[in-house]
Structures are given as structure tokens and as C-alpha cells.
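To keep things clear, I will list the structure first and then write my remarks on it.
Just so you know, all these numbers are worked out from the coordinates, no wet-lab data involved. The model shown is predicted, which means the values in this text are computed figures rather than measured ones. Glycine also receives a Cβ, built like all others from the backbone with ideal geometry; neighbour counts cover every protein chain displayed.
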Amino acid sequence: MKILNNNKKQFKIGLLTSSRADYGIYKPLLKKISQVKAIDLTIIAFGMHLKKKYGQTIHDIKRDNLGNIDIIKGMSNKDSPLDIANSYGQLIKEFSAYWENNKFDYVIALGDRFEMSAAVQSGIPFEIKFIHLHGGETTLGSVDNIYRHQITLASKLHFVATDHYSKKVSSITGSKKNIYNHGALSLDGINEMKLPDWSYVCQKFYIPHKNFVLATFHPETIGLAKNKVYANVVFESLKKIGKDTNIVITLPNADAAGDLYRSSMIKLSELYPKKISIVENFGRENYFSAMKHASMMIGNTSSGILESASFKKYVINVGDRQKGRLKNKNVFDVPFSEDNIIQKYNSIKKLAEYSGKNIFFKKNTAEKIIETIKNYVI
């Protein structure tokens with residue numbers, strides 16, 4: 001480890017973003033980095049950001065204008081295992097050319113998706129110095145668990161969300177060095193955040209201004225064949241819950257078997273348009289507003305694990321996708337079973353508002369990450 005030379009006026013940082021999910025988490029960090037004159041920031045956008053199917057969120061990145069933007073193509077619209085593997089290979093090819101022609105002091109990668117792994121693995125021969133956010137976590141119902149650990153092994157500096165995850169990263173890398181627990185980045189400034197008025201969000205996304213449950217389901221990417229059954233369980237469960245309250249559904253990301261859930265959710269909204277609303281891409285602030293005003297959350301998304309407690313919401317966490325992750329006491333695990341889901345829904349709606357802490361929260365996370373990065377030349 002070397003301390004950054006104070007005479008050096010600028011150093012170059014690249015930031016890899018492949019989806020609305022990681023970009024939303026990055027947002028507090030990006031806003032602060034863009035204000036640091038010593039940093040020349042390039043946002044490297046690829047994957048779902050470029051796909052019309054997923055809302056073409058590259059336009060959001062351009063609108064935010066938080067840094068230079070480079071675009072890397074090379075991901076299929078389809079989601080079979082063969083399509084995922086081909087996308088992985090194509091992204092490695094495209095990123096190899098990119099790393100050959102673009103040099104950075106650091107490149108930031110977040111999370112555990114296959115396309116993020118491809119971008120990072122292609123950088124290994126070029127000795128790219130990767131910084132990994134949210135390493136050390138475990139998701140036993142998803143192959144993302146493998147991708148996450150691959151990214152950890154390829155990275156030189158690590159920012160984790162808890163001390164437990166810090167120990168896991170240490171066990172993976174074989175070293176206790178360069179691992180920092182500054183808390184979950186997505187929670188940075190969450191208590192002071194001024195969220196959009198919910199009536200405005202409802203109008204923008206054509207959502208009835210009524211009580212609702214917020215739902216997000218992704219496929220389980222281990223044991224893919226089971227997703228046909230699981231998607232049907234979700235369909236029938238939400239149909240029953242929809243008789244009792246409105247439901248706002250955010251559609252899944254690009255995963256193997258993701259289209260099963262996507263088509264199922266769209267069909268549900270078409271059958272019950274007055275009760276069930278579909279949103280492709282809320283954006284961070286609008287999504288947080290939805291979380292704040294929802295009666296509860298249901299699904300298997302990481303936002304139910306990380307952010308929900310800060311909005312005092314209970315979560316029905318379905319299946320094994322998030323199995324192995326640390327969880328706050330607002331999260332209730334249930335299997336993919338219609339009876340279990342409905343029973344848990346009926347019991348949670350009788351509870352008083354969740355009043356516990358969020359174990360992933362620390363103050364000034366983005367600021368601490370930037371200061372740590374500025375103090376290192378790896």
C-alpha cells in the first residue's frame with residue numbers, strides 16, 4: 001500500500017454499471033465523486049442499460065451527467081443458459097478490447113451479476129486494479145454467489161456491508177488487508193433523503209393511489225427447472241393477495257429464466273389492471289418512495305434485505321435466492337408455497353410498524369469510501 005502522492009492533481013477512476021439495480025446503489029457515491037476535482041471519472045455502462053426490454057436506462061445515466069460515459073455492447077436479449085454463456089463470452093471479448101485501450105488507476109465493480117463478472121474477469125490479464133463493493137455476501141439460491149466470489153478474488157480493494165462479510169472476503173482472498181466495512185452504500189443519506197411525493201410517482205407510473213404491497217421476484221438460478229413451478233406459485237399467490245389489496249410489481253432483471261416471471265407478472269397485470277400495476281424501472285428515488293408507502297414487501301430481491309428496514313417495512317422473502325445473507329428482523333423467510341405466502345401475508349398485515357434497526361447502515365458511507373480510495377494507490 002502506498003499513500004497517494006499529494007502532487008498528483010488527478011487520478012482516473014472507472015465505474016462499471018450494468019443495470020438499474022447497481023446504478024441506483026452507486027448513486028450516492030457518484031454524486032460525491034463528481035464533486036472531487038482530483039478524480040477523473042468514467043462511467044462504463046453496459047448490459048441491461050442498453051436494452052429497450054429493460055427500460056434503456058442508459059438515458060438515465062446520460063441525464064444525470066455525473067461523469068464521462070463509455071458504452072460497451074455485447075449482451076443478448078434472451079435468457080436461456082446458452083444465451084447467458086454466449087453473452088458472458090461476448091462481453092469478455094468486448095471488454096478485452098476496452099481494457100487494452102483504456103487505462104485507469106482504479107475500476108469500481110459492484111455486486112454479483114454474470115455480466116459484471118465478465119467485465120472483471122476480462123481485466124485480469126491487463127492487471128486492472130478493481131475495487132469491489134458488496135463482496136463477502138452469500139446467496140445460495142443463485143449462481144450470482146459464484147460470480148460475486150470471482151469478482152472478490154480479482155479485486156485489490158474491498159468495501160463490505162458488515163464485519164461478518166469482511167471476514168468472508170478475508171477468507172476468500174487469504175488476506176485481511178484492504179478490506180473496509182463502511183456499511184451498505186445504498187443506505188447512504190437515506191434518513192435525510194427527500195423522496196418524490198407518492199402522488200407524483202403514482203401519476204408518473206399510472207399507479208392507483210391506494211394501499212398496496214410492493215413485489216419483486218427474480219428466478220432462482222440454481223435448479224432452473226423449478227422456476228416454471230415457482231413462477232406459477234407467484235402468479236397464484238399475488239392473484240389472491242390482489243383480492244385484498246393493490247400490488248405494485250417491479251419486473252425482474254436479466255437472469256436465466258427471468259422471462260418466465262416477467263411474462264407471468266405482465267399477464268397478471270393485464271388480467272387485473274385496476275389492482276395490479278407493473279413498473280419496468282422506477283429509478284432509485286421513486287423506488288424508495290414506493291418502499292416508504294407500501295404496506296409491506298414480497299419477493300426475493302436484495303432490496304428487501306438491505307433497504308427495507310430503513311423504511312420500517314416487513315418483508316416476505318420467498319425461496320432460496322437470498323439464502324445465506326444476513327437479515328434484519330423485519331424479514332420473514334418462506335418457501336415457494338402458495339399457502340405459506342398467503343399465511344405470512346395475513347399475519348404480517350396485523351403487525352405494528354417495524355421499529356428495529358438496520359444492521360447494514362453506517363453514516364457517511366459514500367464519503368468514507370471516497371476518502372479510502374483517495375488514500376490508496378494499489
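Length available on full extension from LYS53 to LYS292: 0.36 nm per residue minus the Cα-Cα distance, which gives 83.4 nm.
Cross-link reach is defined here as a Cα-Cα straight distance under 13 Å, omitting same-chain residues fewer than 8 places apart; for LYS240 the aspartates and glutamates meeting it are GLU338, ASP339. Computed as a quarter of the hull surface, the mean projected area of the alpha carbon convex hull for the range 187-325 stands at 8.1 nm². Sorting ASP70, ASP79, ASP22 by the number of Cβ atoms found within 10 Å of their own Cβ, with the fewest placed first, yields ASP70, ASP79, ASP22.
With N as its number of residues, the range 97-164 has a Cα radius of gyration that, divided by 2.2 N^0.38 Å, comes to 1.09. Projecting the Cα atoms of GLY135, HIS182, GLN203 onto the dipole axis of the chain, where Lys and Arg carry +1 and Asp and Glu carry -1 at the beta carbon, places HIS182 farthest toward the positive end.
Over the range 198-348, what is the relative contact order in whole percent, taking alpha-carbon pairs under 8 Å and six or more residues apart? Before the final figure, lay out the partial values.
Working: 244 pairs, mean separation 38.6, N = 151.
Relative contact order, the range 198-348: 26 percent.
Relative contact order of the chain: what whole-number percent is it, with Cα pairs under 8 angstrom and at least 6 residues apart? Don't jump to the answer; show the numbers that get you there.
Working: 721 pairs, mean separation 65.7, N = 378.
With pairs under 8 Å counted, the relative contact order is 17 percent.
Can you give the net charge of the other residues whose Cβ lies under 14 Å from the Cβ of ILE222, counting K and R as +1 and D and E as -1?
Working: positive: ARG148, LYS226, ARG321, LYS323; negative: ASP112, ASP144, GLU220, ASP255, ASP320.
Spelling it out: positives minus negatives among the neighbours equals -1.
Suppose every K and R has +1 on its Cβ and every D and E has -1 on its Cβ; what is the size of the dipole of the chain about the Cα centre, in Debye to the nearest 20? It would help to have the intermediate numbers written out before the result.
On the way: 55 positive and 35 negative charges, 151 e Å.
Value, rounded to 20: 720 debye.
Centroid-to-centroid, using Cα positions, the range 205-261 and the range 303-361 are 16 Å apart.
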